[in-house]
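Below is one structure, written out as C-alpha cells; comments come after it.
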Amino acid sequence: MNKVPKIAIRDVCKRFGTLTVLDGVSLDVHQSEVVCLIGASGSGKSTLLRCINFLEAYDAGEIRIDGHLMGYVDAAQKQRRPMSDRMLRQARRDIGFVFQQFNLWPHMSVIQNVMEPLLRVRGLSAEVAVKRGEVALDRVGLTDKRNSYPLRLSGGQQQRVAIARALAMEPSLMLFDEPTSSLDPELVGEVLQVMKGLAAEGMTMVVVTHEMGFAAHVADRVAFLDRGRIIDVGPSQQVLHESKEARVQQFLQTYHDRTNF
Amino acid sequence: MNMLQTLWHYAPLLLSGAGVTLWTWLLGSVLGLAIGASVALLRRLPVRPLQWVLRIYIEIIRGTPFLLQLFLLYSGGPSIGIRLSALTAGVVCLGVHAGAYFAEVFRAGFEGLPKGQIEAASSFGMTSFQILYRISLPTMLVAIFPSIVSILISLSKETVILSIITVPNLMYQVQSMTVETYSAFSGIAALAVFYWVFVECVARFSALIEYRLTLFARRDSAEVRA
Ligand SMILES: Nc1ncnc2c1ncn2[C@@H]1O[C@H](COP(=O)(O)OP(=O)(O)OP(=O)(O)O)[C@@H](O)[C@H]1O
Ligand SMILES: [Mg+2]
C-alpha cells in the first residue's frame, strides 16, 4: 500500500477555547478501507470526523484527502489561510456525511431529500436526479417510501434515507457519526446491514460507533481515541481483543459488562 | 331615517372606506414583511453600530403607541423635510410599525433553526444562498407562520387609527356619517361587522395555509405526490 492514502491525518489539533479536544491525531485511511473510531464520550471522536470534511476547522496539523489539503490553501504551516468557500464546497461534495440525528430536511419528501443535493450541487436535471435518487433508495430498500415525509418514517428508515441521500451523490468516501446511536435497538440492524453492504462494495468508510459487533466484523481497523489522542490503532481483532493499553481494556470491559447484563 | 336606511344611503362611501382600509393593510403588511425580513437578515451581520441602530429601531417601535409614531411621521415629518400624503404616511407607518414586530419574529425563527439540517446541507457542498432559500427559509416559515398571522391581525386593527390623519378609510367615513346623521349606532355596527368579517377571513385563510404548510409533520394524513 504505497499509494497516496484516501485520508491522511497528520498531527491534527483542535481546541474549543481553552479545551484541547484533539491533541495531535495522526491516522491514514486507505482506499476501500473501513476504519471504526471508538472511545469514551467526549474523547473527540465526532470532532475528528467533522474535521475530515471541515465541518469543524482544525487548528494545526494536516488532513489530506487524495493528497489534497482539506480546508486550507496548501502552503507552509505558518501562513496558511482557509480555502475559499468554492473550493471547500468542491472538496465536500465527494464526501458523504451521515449524522447521528439523520438531519433530513423535514419539509421535503424522501425522494426530494435525496434529489436536493443532486439538483443544487451536481446540477443534474430533474429527470436524471429522480432516476439516481430511485437507485439510491433501492439500495437502502426504501423505494416504497419515496413519497413519504421523513417525520412519518421510523428512525431506522430515516437513517437509511440519510444514507441514500449521501450515496446518491456518489461519494468516494463516507463518514458516519454514530449512525445507530439514536435508534431503538430493533432498528439498529437494518442500518448496519446497509453499511455492511457498502463496505463489501469497497466504499471507504470512517465510522464513529459504539457498535462493537460492527467494529469487530466489518471494520478493517479500529482506532481508539482517549482525551484527544489515538492511543491504539490496528486490525480490529487486535485492538478489540488483544490491546495492551489499560484504557482500551477498561473501556471494552465496561462495554462487555453493560451488554452482557 | 332608520339604521338600515342610513347604512344604505352611505353604502358607497362606506365601501370605498372599507377598500381603503384593506388596501392600507395590504400595503402595510407587505412593507412590514420586507422591512422585518431585511432587518432580521441585517442583524446577522457582525457590524456593531448597525446592530445598535436596528436594536433601537425595534425597541422604539415596540415601546411606543402606534398613534404617536403616526403623528411623528405625518405632523413632525415636514419639519425635517419629509412631506407625505396622509395615505402614504399611513402605509409607511404601518409598514415600519409591523416591521419591528416581524423582525423579532424572523430573528427568533433564525435562532430556532435546527443546526443539523443546515450542517447536512453544507456537508453536501450547497452554497449559503441555496441553504437559505431551500432549507432555512422554508423551515423557518413553517415555524413562525402563526406569529406572522397574529401580527397581520393586530395590524388590521391599527388601520383604524389612520383616520386620525384623514386617511379616508372605513373609520373616517363612519365618523363623517355619524357627524352628519347623529346615528352613532349605525357606524359602530358597520365597523364591528366589517372588522369581524375581515379578521375572520384572515384567520380562516391562514389556518388553511398553515394546514398545507405543516402537512409534512402530520403522521396521520395521506402520502404526498412528489
Ligand atoms: N462546538 C463546540 N464548542 C465547545 N466545545 C465543544 C464543541 N464541540 C465539542 N466540544 C467538546 O469537545 C469534546 C469532544 O467532543 P466530541 O463531540 O468530539 O466527543 P465524542 O467523542 O464524539 O463524544 P460522544 O461519544 O459523546 O459523541 C467534548 O468535551 C465537548 O464538550
Ligand atoms: Mg460524538
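The values are calculated or read from the model by the stated rules, or taken from the named source; none is laboratory data. Computed from a predicted model, the values in this text were never measured in an experiment. Using ideal geometry, Cβ is built from the backbone for each residue, glycine included, and neighbour counts are taken over all protein chains shown. SASA here: full protein model, heavy atoms, side chains in, ligands and nucleic acids out. Shrake-Rupley method; radii C 1.70, N 1.55, O 1.52, S 1.80 Å.
One table, with the values for the structure above:
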{"quantity": "Pairs with Cβ under 6 Å, 6+ apart, first in segment A:1-22 and more than 16 Å from A:ALA57 (Cα to Cα), second among the small types (Gly, Ala, Ser)", "calculated": "A:VAL4/A:GLY67"}
{"quantity": "Breaking point among (1) more than 14 Å from chain A (Cβ to nearest Cβ); (2) surrounded by fewer than 17 Cβ atoms within 10 Å (Cβ to Cβ), for B:GLY112", "calculated": "(1)"}
{"quantity": "Given (1) over 19 Å from B:LEU31 (Cα atoms); (2) touching a Cys at 6+ places or on another chain (Cβ under 7 Å), index of the condition B:LEU73 fails", "calculated": "(1)"}
{"quantity": "Scope segment A:179-191; condition in contact with a Ser or Thr (Cβ under 8 Å, 6 or more places away or on another chain) and either at pLDDT 95 or above or surrounded by 21 or more Cβ atoms within 10 Å (Cβ to Cβ) (or both); matching residues", "calculated": "A:PRO179, A:THR180, A:VAL191"}
{"quantity": "Count of segment B:155-180 residues which are over 12 Å from B:PHE198 (Cβ atoms), open to solvent by 60 Å² or more (accessible area, probe 1.4 Å) and touching a residue at least 12 places away in the same chain (Cβ under 8 Å)", "calculated": "4"}
{"quantity": "Residue identified as among the β-branched types (Val, Ile, Thr) and away from chain B (no Cβ under 11 Å) among A:VAL73, A:VAL98, A:VAL110", "calculated": "A:VAL73"}
{"quantity": "Exclusive hit being more than 11 Å from ligand 1 (Cβ to nearest atom) and either of a type in the set (Phe, Trp, Tyr) or in contact with a Cys (Cβ under 8 Å, 6 or more places away or on another chain) (or both), set A:GLY67, A:GLY61", "calculated": "A:GLY61"}
{"quantity": "Residue that is at pLDDT below 95, outside any loop (DSSP other than H, G, I, E, B), closer than 30 Å to B:GLN173 by Cβ and open to solvent by less than 70 Å² (accessible area, probe 1.4 Å), where the choices are B:LEU31, B:LEU73, B:LEU4", "calculated": "B:LEU73"}
{"quantity": "Residue count, segment A:192-215 (criterion: open to solvent by 20 Å² or more (accessible area, probe 1.4 Å) and without any contact (Cβ under 8 Å) to a residue 40 or more places away in the chain)", "calculated": "7"}
{"quantity": "Neighbours by Cβ (under 8 Å, 6+ apart or cross-chain): first from segment A:29-53, among the acidic types (Asp, Glu); second away from ligand 1 (no atom under 15 Å from the Cβ)", "calculated": "A:GLU33/A:LYS6; A:GLU33/A:THR204; A:GLU33/A:MET205; A:GLU33/A:ASP220; A:GLU33/A:ARG221"}
{"quantity": "Condition check for A:ARG165: open to solvent by less than 60 Å² (accessible area, probe 1.4 Å), modelled with pLDDT of 95 or more and within 12 Å of chain B (Cβ to nearest Cβ)", "calculated": "yes"}
{"quantity": "Strands (runs of 3 or more DSSP E) fully within segment A:177-237 counting 1 or more residues that are away from ligand 1 (no atom under 15 Å from the Cβ) and of a type outside the set (A, V, I, L, M, F, W, C)", "calculated": "A:221-226, A:229-235"}
{"quantity": "Unique match (being within 30 Å of A:SER84 (Cα to Cα), hydrophobic (A, V, I, L, M, F, W, C) and buried (at least 19 other Cβ atoms within 10 Å of the Cβ)) among B:ALA120, B:ALA190", "calculated": "B:ALA120"}
{"quantity": "Helices (runs of 4 or more DSSP H) wholly inside segment A:44-156 containing at least 1 residues that are surrounded by fewer than 22 Cβ atoms within 10 Å (Cβ to Cβ) and within 16 Å of ligand 2 (Cβ to nearest atom)", "calculated": "A:45-52"}
{"quantity": "For A:ASP23: the one exception among (1) within 9 Å of ligand 1 (Cβ to nearest atom); (2) open to solvent by 20 Å² or more (accessible area, probe 1.4 Å)", "calculated": "(1)"}
{"quantity": "Any hit, segment B:78-86, residues being touching a residue at least 40 places away in the same chain (Cβ under 8 Å), crowded, with 20+ Cβ neighbours inside 10 Å and more than 29 Å from A:ALA162 (Cα to Cα)", "calculated": "no"}
{"quantity": "Residue list for segment B:43-70, restricted to those being at pLDDT 90 or above, open to solvent by 70 Å² or more (accessible area, probe 1.4 Å) and more than 11 Å from B:ALA100 (Cβ to Cβ)", "calculated": "B:ARG48, B:PRO49, B:TRP52, B:VAL53, B:PRO65, B:LEU68"}
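One line per residue, one yes/no per condition, for (1) touching a helix residue (DSSP H, G or I) at 6+ places or on another chain (Cβ under 7 Å); (2) charged (D, E, K, R); (3) in a helix (DSSP H, G or I); (4) at pLDDT below 90:
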position: B:ILE161; (1), (2), (3), (4): yes, no, yes, no
position: B:VAL167; (1), (2), (3), (4): yes, no, no, no
position: B:MET171; (1), (2), (3), (4): yes, no, yes, no
position: B:THR178; (1), (2), (3), (4): yes, no, yes, yes
position: B:GLY187; (1), (2), (3), (4): yes, no, yes, yes
position: B:LEU191; (1), (2), (3), (4): yes, no, yes, no
position: B:TRP196; (1), (2), (3), (4): no, no, yes, no
position: B:GLU200; (1), (2), (3), (4): no, yes, yes, no
